[in-house]
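First the structure, in the form of structure tokens, and then the observations on it.
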Amino acid sequence: MLLTKLHIPATGNNIVHRSELSEKLNTGLSRKLILVSAPAGFGKTTVVSDWINQNKIPTVWFSLDNGDNDPVEFLDYVISGIQSIYATFGQSALKLLNSPNKPSVESIAGMLINEILSINQNFLLVLDDFHLIRSNEVLKLISYLLEHIPANIHIVLLTRSDPALSISRLRSQHQVVELRSSDLSFSANDISILFNKKLKLGLSIDDLYALETKTEGWIAGLQLTALSMQGREDISKFIQDLKGDNRYIMDYLMEEVLKIQTDDIKEFLLQTSILEQMSASLCNSVLKRNDSQLVLETLEKNNMFVIPLDEERIWYRYHHLFAHLLKQRLLLRGKDAFIELHNEAIEWFKENSMPLNAIEHAIETENFEKSIQLLGEIVETLWKNGQHSAIIKYGDLLPDEIIKKSADFSLYYAWILIIAGQNQKAEPFLVSAEIITMQIINNKNSSKEDIQNNKKLAGKICVAFAYLYSKSADTEKTFSYWKAAKENLSEDDPFWYSWGWYSIGWAEEICGHINECIEAFEKALAYSKKSGNIYLISSNAYNVAYMEQRMGLYTSAYKKCSELIAEMKESGNSQINKSEPTYFELYACMAEIECMRTDFDEALTNVKIAYSLSKNFSNSSFKVWVRLIYSLVLYGRGDNSGINNLLDEIDAIINQNTISPSARAMYIDMKGKMLIEQHEPEKARNFFKENGLGPDKEMSYLEDRGYFSFVLLLITDLKYKEAEKILSELQTISKAANWIETLISVKIIYAIFYKNTGNKEKAVATLIEALQYAANENILMSFIYYHDRIKDLLPDVFKIQSSTKTNIPKKLTDKLKLAIEKREKFKKNNLVSVLRERELDILKLISQDLTNQEIADKLFISLNTVKTHLKNVFLKLDVDNRTKAVAKAKELGLI
């Protein structure tokens, strides 16, 4: 970290204090944002730093550069800056940031906002050169801060162009103060103060007004003009000779400024222009001299656009515009001299433990071999510190064939690509990494140390392969690579061991080995706790809970999720679990369990949190899954309209992404069931066909849920033989895997099958079996889900339960009755809210057996309008004719 970037730039001896601008800036102390936006050379930094110094305002100053587009680097600097005024600030956030599985910027921002509230003073956060920020993540972070910012902090953005933020909204809320080039431009009076009072150049009034007109008050141009005037006798003529726009004037003045420098100073200026920041030691090394400190101090004293970056005058930089113009002139000499200077800088930064600076210079000259060599040495540190954006940036900049020469960089670059779902792009890098490490391990000339280090690296590469192949359902390769990984890793690497067992867990699930799957996830959870990585802990806790849930072990599954969230609160990270996308799995899991127990109010609360968090999650399968849970909760609340909206969202996700077989199966079940309930059997048939369902297709247990609604359609179509065949397969699969949830649904569908084939007694007996499976954990949602098809059977079930010993507690059936009653009330309320007043009028009139034309005449509307309203009524009431619409409306108490 370059602490010089957190230094408030010095204003210099010739500063022109501008009271009118200070007064305008003072109004920003009651606003969220101060925006100073103007092209280069208008004195943005000087005006704001002078205002801060004059008024002694507590300030965190951050001078940005291109490297600050990495959100982790950006937040590191912001937190370190705030620590300069509040020493204990952001310690928990820093710990979370600097981990391989970094949190989202919103969750860290939420933590920081809570801590800012505890700072008992107002202060500024100044972000200088904000136009260099192109990262959407950093821009999103600033947007989030501006939206939720406490009253004791004010953000100041200094930029050459307006940022991609909601400035107009802040304007409408009177929460922004803006300074533009028209505000910053020097007036003739300002020019007089600078040229006559400060620099003693003795310009006439005519000269002052001529300068104001020619430069339009452009401060950089005025400063260069002042430098160019040194030693001139006819200053008025020099001013009159200035012609053209600012770019032309700047080029002309640069030539004039360089012309009056000694050859030695001119060379120093040109050759050091390649340096973003410079110290005497760095300049001495690059330029092969030993007097750079004296030169830098002299340049600053002579106002040569040199800005000190610290109080000790160790680090400096040129004004950006000045450096750009110098570099343009240096490049005219040819590339060889340019490259030689960069190579010297690379060596100095490398020797002084500043590798990222060395890499930037190597990339500047397209020295990719040196770049990948340096990156290979530091990539693991970048990865461990959560600087994934930096790794991706360099991976995108460097040619693939260069990257493949570094096993270390290939591994961590591939890992981040796999996380992002870019499996095909990642695999070739892992292959190259594997080849390189095995060559070193098998080379007889390799040292013991090299062999040992590469064995460890090979173990990590094997874990990455196992993770990759578990995501693509290649179980054979997953098992093989995990076996190889264990041969090269020790249990002292809990992070890698956790990912290995994580991959094995999914592979075992794909194979249908449920007990082995749970065992693997439990091992992954144990190792993740040893690693201390809270995001890995969260994922593995969810995996174990999910598997337990499917086996009907709701109490244990719910406990795992709720306890982890409680642990987060106790550790002071309560903000994280409600703002970090990784944690949506825990909330979604709890919501699903609550829903399956028909605790719909609690389920709705948790699924809304999960749904909100999932929007920032990259895994498409999980995005689909949380929307399906949300749909299930809404089904329990009788909100079909809300379900259809969520299904539209899921369709959009699936159209653009590949999702897991289990997520697709849940989606097929929900969408198929809604099509059947909305009396669109032909659409349902086509939907199932498009998704490859059929009575003769071989079924895996990952796809079982998708067949539930398909069987319902077969029963509706009187295809009992095909329905029974599939039900038999579903029952076999669910019993083998001990999927209690699935088994309950299968039993209920069997009851529907028996009822429709005329065997009511067996139907009732099968429903009682389903209730017995549900009894231990109150798994009642399936009885709500299929209620319309079993409601005529339930009275007999309740009667038998109350009169005989069925091992079904009365409180279970009471809870089921209450849930059914609540859903009917929800449905009625939802229908009242979605049915328009005119549609209710038409319902009342069709209950009086009026024809469509009679309704049109009575309501003074057209016949086509009546037909449109009727179509909407049928859709909302989930019926297909007038008689059913009237019956449904009466049942719900609408008429």
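The values are calculated or read from the model by the stated rules, or taken from the named source; none is laboratory data. Every value quoted in this text rests on a predicted model; they were computed, and no experiment measured them. Methodologically, a virtual Cβ is constructed for each residue, glycine included, from the backbone with ideal geometry; neighbour enumeration extends over all protein chains shown. Remember, those area values only see protein heavy atoms, side chains included, never the ligands or the DNA or RNA. Shrake-Rupley method; radii C 1.70, N 1.55, O 1.52, S 1.80 Å.
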Quick count over the range 532-562, residues being of a type outside the set (A, V, I, L, M, F, W, C), at pLDDT 85 or above and either out of contact with any helix residue (DSSP H, G or I) (no Cβ under 7 Å at 6 or more places or on another chain) or closer than 25 Å to TRP496 by Cβ (or both), is 7
In the range 465-475, what count of residues is obtained for those that are part of a helix (DSSP H, G or I) and either closer than 11 Å to ALA407 by Cβ or at pLDDT below 95 (or both)?
6
Can you tell me which residue is farthest from LEU877 (Cα to Cα) among those in the range 646-684 that are open to solvent by less than 10 Å² (accessible area, probe 1.4 Å) and among the small types (Gly, Ala, Ser)?
ALA663
Is it fair to say ASP263 is among the acidic types (Asp, Glu), open to solvent by 60 Å² or more (accessible area, probe 1.4 Å), without any contact (Cβ under 8 Å) to a residue 60 or more places away in the chain and farther than 17 Å from ASP65 by Cβ?
yes
Residue, least open to solvent (accessible area, probe 1.4 Å), within the range 41-64, restricted to residues that are within 14 Å of LEU157 (Cα to Cα) and out of contact with any strand residue (DSSP E or B) (no Cβ under 9 Å at 6 or more places or on another chain):
GLY43
Contact list please: Cβ distance under 8 Å, first residue in the range 797-817 and closer than 20 Å to HIS787 by Cβ, second residue in a loop (DSSP other than H, G, I, E, B) and aliphatic (A, V, I, L, M), pairs at least six apart or on different chains.
GLN801/ILE808; LEU812/LEU780; LYS815/LEU780; LEU816/LEU780
All but one of (1) in contact (Cβ under 8 Å) with a residue 24 or more places away in the chain; (2) farther than 25 Å from THR757 by Cα; (3) open to solvent by less than 20 Å² (accessible area, probe 1.4 Å) hold for ASP704, so report the exception by its number.
(2)
Exception for PHE617 within (1) at pLDDT below 90; (2) of a type in the set (Phe, Trp, Tyr); (3) in a helix (DSSP H, G or I) falls at (3)
Under 30 Å from ILE79 (Cβ atoms), in a helix (DSSP H, G or I) and touching a residue at least 40 places away in the same chain (Cβ under 8 Å): is that true of LEU227 in this structure?
no
Does SER490 qualify as being within 20 Å of ILE461 (Cβ to Cβ), small (Gly, Ala, Ser) and surrounded by fewer than 20 Cβ atoms within 10 Å (Cβ to Cβ)?
yes
Would you check which residues across the range 39-54 are basic (Lys, Arg) and more than 17 Å from VAL306 (Cα to Cα) and list them?
none
Starting from the range 841-853, keep only residues that are within 16 Å of PHE874 (Cα to Cα) and in contact (Cβ under 8 Å) with a residue 40 or more places away in the chain, then list their pairs with residues that are assigned to a loop (DSSP other than H, G, I, E, B) and open to solvent by 40 Å² or more (accessible area, probe 1.4 Å) whose Cβ atoms are within a distance under 6 Å, requiring at least 6 positions of separation or different chains.
LEU843/ILE895; LYS844/ILE895; SER847/ILE895
If a residue counts only when it is of a type in the set (Gly, Ala, Ser) and buried (at least 21 other Cβ atoms within 10 Å of the Cβ), which helices (runs of 4 or more DSSP H) contained entirely in the range 87-169 have at least 2 such residues?
105-116
Just to be sure, is LEU859 at pLDDT 85 or above, farther than 26 Å from GLN678 by Cβ, surrounded by fewer than 19 Cβ atoms within 10 Å (Cβ to Cβ) and in contact with an Asp or Glu (Cβ under 7 Å, 6 or more places away or on another chain)?
yes
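Would you confirm, using the coordinates I've provided, whether THR272 is assigned to a helix (DSSP H, G or I), open to solvent by 50 Å² or more (accessible area, probe 1.4 Å) and not charged (D, E, K, R)?
Against the criterion (assigned to a helix (DSSP H, G or I), open to solvent by 50 Å² or more (accessible area, probe 1.4 Å) and not charged (D, E, K, R)), THR272 does not qualify.
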Which condition breaks for LEU468 when tested against (1) open to solvent by less than 20 Å² (accessible area, probe 1.4 Å); (2) touching a Ser or Thr at 6+ places or on another chain (Cβ under 8 Å); (3) of a type outside the set (Val, Ile, Thr)?
(2)
Mind listing just one residue for me: the one in the range 200-220 that is over 52 Å from the mean Cα position of the chain (by Cα) and at positive phi and, of those, surrounded by the fewest Cβ atoms within 10 Å (Cβ to Cβ)?
LYS200
Failed criterion for ILE643 (all others in (1) of a type in the set (A, V, I, L, M); (2) open to solvent by 40 Å² or more (accessible area, probe 1.4 Å); (3) closer than 30 Å to LYS884 by Cβ hold)
(2)
Restricting attention to the range 178-199, does a residue exist that is under 29 Å from ILE85 (Cβ atoms), surrounded by fewer than 13 Cβ atoms within 10 Å (Cβ to Cβ) and within 43 Å of the chain's Cα centre (by Cα)?
no
If ILE726 satisfies every condition in (1) out of contact with any Pro (no Cβ under 7 Å at 6 or more places or on another chain); (2) open to solvent by less than 10 Å² (accessible area, probe 1.4 Å) but one, which is the exception?
(1)
